[in-house]
Amino acid sequence: MFYLNDAPLPLTASTVAELADQQAWPLQGIAVSVNQQVVPRRHWSELVIKPHDRLHVFHIVAGG
Amino acid sequence: MLTIAHQTFQSRLFLGSGKFSSVDTMLRAAEASGCQMVTLALKRWQQGLGECDLVTPLLQLGVQILPNTAGARTAHEAVLAAELAREALGTSWIKLEIHPDARYLLPDPKATLEAAETLVQRGFIVLPYCSADPWHCLQLQEVGCAAVMPLGAPIGSNQGLQTRAMLEIIIDQLQVPVIVDAGIGRPSDAALALELGADAVLVNTAIASSASPVSMAMAFRHACLAGEQAFAAGLGQPGPALATSPLWQFLEPSS
């Protein structure tokens, strides 16, 4: 199990890139942190998601 | 012409993109305003919400995107938010805002200064939303912020330049650009800020919440041009009454 935006999920994707595909994350305007460290998109396919990892996914929205 | 961190801006009106009734209205208002910098925010992504690409149409307008750190309650969160924004958008520009006070939305000066110093060291171009405190603004300049963004009044309040006296001191003392941000409610507030010598203004609520945001954006555009030109032309100083027409040799017979 790992956490995505604080919600527990079963660990079915091995890397962040796989998770992005599974969840259909938008192709741009997205940023991911794993355990409070930002993970650039170019590293998504290398970064293995481990049990108890806390991932947060953000996207760009309107705001002042 | 305004220069912030080696980037020049013809327009002294910057736009906040929040609170518009639709993305289309926001984009049309941005275009009508003539602004060259627009803020955006970060939010946790949720599956199934549907996506709207804000960035592409804004870039097509030729504006500088300025992501903000709204939602951050501490310096640590703000630094993380800035890194996420840089990753999401590919820009090092960041509007640093830390306002844990949920009622008045006033910025935390200690956390803002701490985060500003860290972000400057990490190569960000930092534009901090801050209190209209002249000493605090000098400290933000000292740690390397590219501008300061003191508030006129609480965010979204439309109360105008409640901090006018402090803004005048800040404008007098700072070398980096001074962008009045928050509380501007009317085009005349924006004109006043620029007449006082502020380098730019950032407006969101006053435009987005107007009954006609596109018309209001245009009104702000004109107001900012007026304020900028008035400051450059040289404003008359308040003083005693002085006639502007001759008051003699009209009704009296000439001798």
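The values are calculated or read from the model by the stated rules, or taken from the named source; none is laboratory data. As the structure is a computational prediction, the values presented were derived from the model and not from experiment. Here the Cβ is made from the backbone with ideal geometry for all residues, glycine too, and neighbour counts use every protein chain on show. Accessible surface areas use protein heavy atoms only, side chains included; no ligands, DNA or RNA. Shrake-Rupley method; radii C 1.70, N 1.55, O 1.52, S 1.80 Å.
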Among the listed residues B:THR39, B:THR25, identify the single one that is touching a strand residue (DSSP E or B) at 6+ places or on another chain (Cβ under 9 Å) and hydroxyl-bearing (Ser, Thr, Tyr).
B:THR39
Quick one: is B:PHE20 aromatic (Phe, Trp, Tyr) and in contact with a Pro (Cβ under 7 Å, 6 or more places away or on another chain)?
yes
So, of the residues in region B:63-87 that are in contact (Cβ under 8 Å) with a residue 24 or more places away in the chain and either of a type in the set (D, E, K, R) or more than 25 Å from B:VAL148 (Cβ to Cβ) (or both), which turns out to be farthest from the other protein chains (Cβ to nearest Cβ)?
B:ARG73
Among the residues of region B:222-251 satisfying the criterion of being modelled with pLDDT of 95 or more and open to solvent by 100 Å² or more (accessible area, probe 1.4 Å), which is nearest to B:PRO187 (Cα to Cα)?
B:HIS222
Working only within region B:177-194, note down all residues that are surrounded by fewer than 19 Cβ atoms within 10 Å (Cβ to Cβ) and either of a type in the set (D, E, K, R) or touching a strand residue (DSSP E or B) at 6+ places or on another chain (Cβ under 8 Å) (or both).
B:ARG186
With a cut-off of at least 1 residues that are open to solvent by less than 50 Å² (accessible area, probe 1.4 Å) and within 30 Å of B:VAL38 (Cβ to Cβ), name the strands (runs of 3 or more DSSP E) lying wholly within chain A.
A:2-4, A:30-34, A:54-62
Need the failing condition index for A:ASP6 against (1) of a type outside the set (Lys, Arg); (2) at the interface with chain B (Cβ under 9 Å from one of its Cβ atoms); (3) without any contact (Cβ under 8 Å) to a residue 40 or more places away in the chain, just the number.
(3)
Please verify whether region B:3-20 includes one or more residues that are of a type in the set (A, V, I, L, M, F, W, C) and at positive phi.
yes
From (1) within 8 Å of another protein chain (Cβ to nearest Cβ); (2) within 21 Å of A:LEU27 (Cα to Cα); (3) in contact (Cβ under 8 Å) with a residue 12 or more places away in the chain, pick out the condition that doesn't hold for B:CYS52.
(1)
Can you tell me which residue among B:VAL180, B:VAL148 is within 20 Å of B:THR3 (Cβ to Cβ) and in contact with a Gly (Cβ under 8 Å, 6 or more places away or on another chain)?
B:VAL180
Report every pair of residues separated by at least 6 positions or lying on different chains whose Cβ atoms are under 7 Å apart, first residue within region B:228-244 and of a type outside the set (Gly, Ala, Ser), second at pLDDT 95 or above.
B:GLU228/B:ARG12; B:GLU228/B:LEU194; B:PHE231/B:LEU194; B:PHE231/B:GLU195; B:PHE231/B:GLY197; B:LEU235/B:GLU195
Hits in region B:39-48 - residues which are facing chain A (nearest Cβ under 9 Å) and without any contact (Cβ under 8 Å) to a residue 40 or more places away in the chain:
B:ALA41, B:LYS43, B:ARG44, B:TRP45, B:GLN46, B:GLN47
May I ask you to list the residues in region B:90-117 that are open to solvent by 40 Å² or more (accessible area, probe 1.4 Å) and within 14 Å of another protein chain (Cβ to nearest Cβ)?
B:GLY90, B:LEU105
